[in-house]
1. What are the residues in region 208-218 that are over 17 Å from ALA187 (Cβ atoms) and loosely packed, with under 15 Cβ neighbours inside 10 Å, if any?
2. Considering only residues that are within 17 Å of PRO130 (Cβ to Cβ) and surrounded by 20 or more Cβ atoms within 10 Å (Cβ to Cβ), which ones fall in region 28-46?
3. Note down all Cβ pairs under 6 Å where the first residue falls in region 252-269 and is part of a strand (DSSP E or B) and surrounded by 13 or more Cβ atoms within 10 Å (Cβ to Cβ), the second is of a type in the set (Asp, Glu) and modelled with pLDDT of 95 or more, and they're at least six residues apart or on different chains.
4. I need a count of the residues in region 227-237 that are among the aliphatic types (A, V, I, L, M) and surrounded by fewer than 24 Cβ atoms within 10 Å (Cβ to Cβ).
5. In region 84-98, how many are more than 8 Å from ligand 1 (Cβ to nearest atom) and either without any contact (Cβ under 8 Å) to a residue 24 or more places away in the chain or not aliphatic (A, V, I, L, M) (or both)?
6. What single numbered condition from (1) closer than 30 Å to PRO25 by Cα; (2) open to solvent by less than 40 Å² (accessible area, probe 1.4 Å); (3) away from ligand 1 (no atom under 16 Å from the Cβ) fails to hold for GLY156?
7. When only residues in region 131-153 that are over 12 Å from ILE69 (Cα atoms) and among the acidic types (Asp, Glu) count, which is most open to solvent (accessible area, probe 1.4 Å)?
8. Kindly indicate whether LEU108 is touching a Phe, Trp or Tyr at 6+ places or on another chain (Cβ under 9 Å), among the aliphatic types (A, V, I, L, M) and under 22 Å from GLY68 (Cβ atoms).
Amino acid sequence: MKARLLRATAAIESNPLEYADVTMPQPKSDEVLVRVRACGVCRTDLHVIEGELPPCKSPVIPGHQVVGIVEKQGEKAQRFAAGSRVGIAWLYRTDGICEYCRSGAENLCDNPSFTGYSVDGGYAEYIVAPQDFVYAIPEGFPDEQAAPLLCAGIIGFRSLRLSGIKAGGRLGFYGFGAAAHVAIQIARHWGAEVFACTRDVRHQKLALELGAAWAGDTYDEPPKKLDAAIVFAPAGEIVPAALKALKKGGALILGGIHMSPIPSFSYDLLYQERVIRSVANNTRQDGEDFLRVAAEIRICTHVQVFPLAEANRALNALKNDAIAGAAVLRVSN
Ligand SMILES: [Zn+2]
Ligand SMILES: [Zn+2]
């Protein structure tokens, strides 16, 4: 099968993803084989490719926002019929037995596998995945629109949950890429007011179109104090600025898997019971809950579609903030 393969980590400007012919995977007994139709491009893919996340598997096929069709089931994988449209996200498998899995926090599993990082992902014509970690994709979303729901959407949703934002609350977003442009639609649905801080004027414009009450530069202070804020950009230097924008008791949620170092800051910024919390992965329950809400409120994803062969170009564009919404690879029809 055709795949985009990473043999060694490198700067994306050197176009390190090779267009290769690789052996098609076969499903184990609890797995399904999925013919990939679309795969979202996520900033975490960039972190995998550029080596900000320590290499796990080499070579590896990146991609963890996979939408496709079940083509074949393992002997014990009867959950989805052949022909079902399904999604595969970042959390590929957990051990199911560690203290975190047993206490409902499988996102923190001690022995997890991650799609497109520790196992091959969706920048390919086929992928296998454990049926228990595969999602049904709601009808009504074309493949390309559905793909960004699987990481940008689910992680944004978990970030919103952890922010504790309520109706009438004021919520700041730092960075306005794929995750934020989905999360704002849910935050608005919940009745929160959203303030978007992002360096890119196209992203500011998109935020206003999607109902932000205000949009400004990353370091502009929003006009009102915030109950909570989510930092989507992988830039630790934003943390003090975002803390400064919070009310007493406010929560700052860090939505990324990788972030540049956080500079030291005055304790005053944190005092008065402000909290900082990171988000790590998601539980399957988050994914199921999010996909249900996404279908109910008809989340609209703005996507820029690239053919699989142009994965390097899509990732370069993402690195340069040149994507309005989410980048998606079209793999097959
Ligand atoms: Zn576990
Ligand atoms: Zn992702």
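The values are calculated or read from the model by the stated rules, or taken from the named source; none is laboratory data. This one's a predicted model, so the numbers in the text were calculated from it and none came from an experiment. Neighbour counts run over all protein chains shown; Cβ positions are idealised from the backbone, glycine included. Side chains are part of the model used for accessible areas, which takes the heavy atoms of the whole protein and leaves out ligands, DNA and RNA. Shrake-Rupley method; radii C 1.70, N 1.55, O 1.52, S 1.80 Å.
1. First, pick out the residues of region 208-218 that are over 17 Å from ALA187 (Cβ atoms): 216-218.
Result: ASP217, single match.
2. GLU31, VAL32, LEU33, VAL34, VAL36
3. Close Cβ pairs (under 6 Å, with a partner that is of a type in the set (Asp, Glu) and modelled with pLDDT of 95 or more) do not exist here.
4. Within region 227-237, the subset among the aliphatic types (A, V, I, L, M) is 228-231, 233, 235.
Restricting the remaining residues to those that are surrounded by fewer than 24 Cβ atoms within 10 Å (Cβ to Cβ) gives 235.
Number satisfying all stated conditions: 1.
5. Filtering region 84-98 down to residues more than 8 Å from ligand 1 (Cβ to nearest atom) leaves 84-93.
Checking the rest, the ones that are also either without any contact (Cβ under 8 Å) to a residue 24 or more places away in the chain or not aliphatic (A, V, I, L, M) (or both) come to 84-85, 87, 90, 92-93.
Here the count works out to 6.
6. (1)
7. Taking region 131-153 as the starting set, the residues that turn out to be over 12 Å from ILE69 (Cα atoms) are 131-133, 138-142, 144-153.
Next, from what is left, pick out any that are among the acidic types (Asp, Glu): 132, 139, 144.
Details: ASP132: 87, GLU139: 170, GLU144: 33 Å².
My answer is GLU139.
8. Values: touching a Phe, Trp or Tyr at 6+ places or on another chain (Cβ under 9 Å): yes; among the aliphatic types (A, V, I, L, M): yes; under 22 Å from GLY68 (Cβ atoms): no.
No; evaluated as a whole, the condition is false for this residue.
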